[in-house]
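The numbers here are math on the coordinates, done by the rules we state, and not lab data. Owing to the predicted nature of the structure, the values given are computational and were not obtained by experimental measurement. With ideal geometry, Cβ positions are generated from the backbone for all residues, glycine too; neighbour counts draw on all protein chains shown.
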Amino acid sequence: MSEENNDEWKPDEKTIEWAKEHLSQIAVGGVWAPEGCGVTYHKQSEDTYALMKLMEHPSALEHHRKMTKMMEAVDYTVLEGNGVEYVQPPLNAEDAANKEHMHRQEMTQTWTCSGCDFPLANFELENRIDTFIEDKEILSSNGDTQNVEIWTCEITCPKCDKKINIDPDDFHLLAGDDLFMRWTNSEHTRFMALNRSMLRELVDAGGSPIVIGSFSPDTNEKMPPWMWGVCVVSLEAMESEKE
Ligand SMILES: [Zn+2]
């Protein structure tokens with residue numbers, strides 16, 4: 001991308017809305033490292049982010065320019081002090097990906113309620129509600145367009161009752177596989193995904209799992225894409241079996 005295009009880039013309304021919500025959720029003292037961007041920011045005060053780490057790579061610099069514009073659009077000051085750590089791009093991609101994933105998981109521990117600063121990690125995460133937002137056409141790397149479903153996970157603050165919508169990927173990082181791979185229908189039946197050993201146990205015991213398509217088998221509600229093709233059991237059925 002040319003320098004001119006960089007200067008012309010502006011965050012759209014959705015990006016601004018997202019930034020407002022997301023950046024206010026990070027507590028003062030916390031860090032923000034958008035995935036795969038090679039840049040990390042430190043939240044210094046309620047209205048200031050400081051550049052903390054930058055990968056020595058042209059696209060990281062490009063991301064940093066865009067993030068700065070986005071943060072400034074929602075009234076944050078972005079500082080670029082002397083303490084910036086410049087990081088060499090890693091040679092081992094798998095190692096780097098694992099490290100980044102762990103780093104991102106640790107970061108979720110600094111996320112807080114935008115209403116009262118209560119940590120999101122201490123919410124009752126098992127009570128999330130998944131909501132379908134819209135179908136979106138995206139351009140894939142081979143040039144074809146592809147339809148993806150945009151969903152959001154709603155969690156409620158136990159302290160101030162504020163409802164907070166977070167991106168499903170962020171919820172996954174925050175709550176882990178086990179809670180992410182569950183789904184509750186409108187009749188409060190809870191389904192839980194089975195891993196291979198749980199599935200083996202169930203089948204050996206003569207039980208049969210439910211395989212999820214794009215709609216809930218009992219209520220015909222739309223299912224979120226991360227549950228498609230997954231084998232589940234209802235938690236109620238499992239609990240009654242144990243008794
Ligand atoms: Zn709250």
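Between the listed residues MET192, ILE166, THR219, the Cα displaced farthest toward the positive end of the dipole of the chain, a dipole computed from Cβ unit charges relative to the Cα centre, is found at MET192. Cβ crowding within 10 Å, taken as a proxy for footprinting-reagent exposure, orders TYR76, TYR86, TYR41 from fewest neighbours to most as TYR86, TYR76, TYR41. Applying 1/(1 + (r/R0)^6) with R0 = 25 Å to the Cβ-Cβ distance of ARG65 and LEU91 gives a FRET efficiency near 0.45.
Annotation: amide H-H contacts under 5 Å for PHE191 (H modelled 1.01 Å from N, sequence separation of 5 or more, or interchain): TRP183, THR184, ASN185, LEU235.
Placing +1 on the Cβ of every Lys and Arg and -1 on the Cβ of every Asp and Glu, with nothing else charged, gives region 117-180 a dipole about its Cα centre of roughly 280 debye.
On a per residue basis, the convex hull of the C-alpha atoms belonging to region 117-180 measures out at 101 Å³. Based on the reciprocal of the average 1/r between different C-alpha atoms, the Kirkwood radius for region 41-163 equals 17.9 Å.
Multiplying the residue separation of GLN44 and ASP204 by 0.36 nm and removing their Cα-Cα distance gives an extension gain of 52.1 nm. Largest first and in whole Å, the equivalent-ellipsoid semi-axes of region 101-243 read 27, 22, 15, each the square root of five times a Cα gyration tensor eigenvalue.
Panel order for ARG104, ARG182, ARG196, by other beta carbons found within 10 Å of each beta carbon, from fewest to most: ARG196, ARG104, ARG182. Applied to region 54-66, the Karplus parametrisation 6.51 cos²θ - 1.76 cosθ + 1.60 on θ = phi - 60° returns per-residue 3J(HN,Hα) values of 9, 6, 7, 8, x, 6, 5, 5, 4, 4, 4, 4, 5 Hz, with x for Gly and Pro. Work out the FRET efficiency for SER240 and VAL28 from their Cβ-Cβ distance, taking R0 = 30 Å, and round it to the nearest 0.05. Using R0 = 30 Å, I get an efficiency of 0.05.
If R0 equals 35 Å, the separation of the Cβ atoms of ILE129 and GLU72 corresponds to a calculated FRET efficiency of about 0.60. The distance between label points at SER214 and ALA121 comes to 3.7 nm (points 7 Å beyond Cα on the Cα→Cβ vector). For ASP75, neighbours were defined as the other residues whose beta-carbon sits under 12 Å from its Cβ, and their charges (Lys and Arg +1, Asp and Glu -1) total -2. For region 155-169, 3J(HN,Hα) computed residue by residue from phi via the Karplus equation (6.51, -1.76, 1.60; θ = phi - 60°) reads 10, 10, 5, x, 8, 10, 6, 5, 8, 10, 9, 10, 4, x, 5 Hz, glycine and proline entered as x. Computed over the chain, the per-residue total of -39500 (n - 2.57) for DSSP H runs of n ≥ 4 gives a 222 nm mean residue ellipticity of -10000 deg cm²/dmol, rounded to 500. With q set to 0.08 Å⁻¹, the log10 of I(q)/I(0) for the chain, from the Debye formula over equal scatterers at the Cα positions, is -0.40. Under a model in which nothing but the beta-carbon of Lys, Arg (+1) and Asp, Glu (-1) is charged, the chain shows a dipole of about 360 debye around its Cα centre. Positive contributions from Lys and Arg (+1) and negative ones from Asp and Glu (-1), summed over other residues with Cβ under 13 Å from the Cβ of ALA193, come out at +1. Full extension of the segment from ASP167 to LEU139, taken as 0.36 nm per residue of separation minus the current Cα-Cα distance, would add 8.1 nm.
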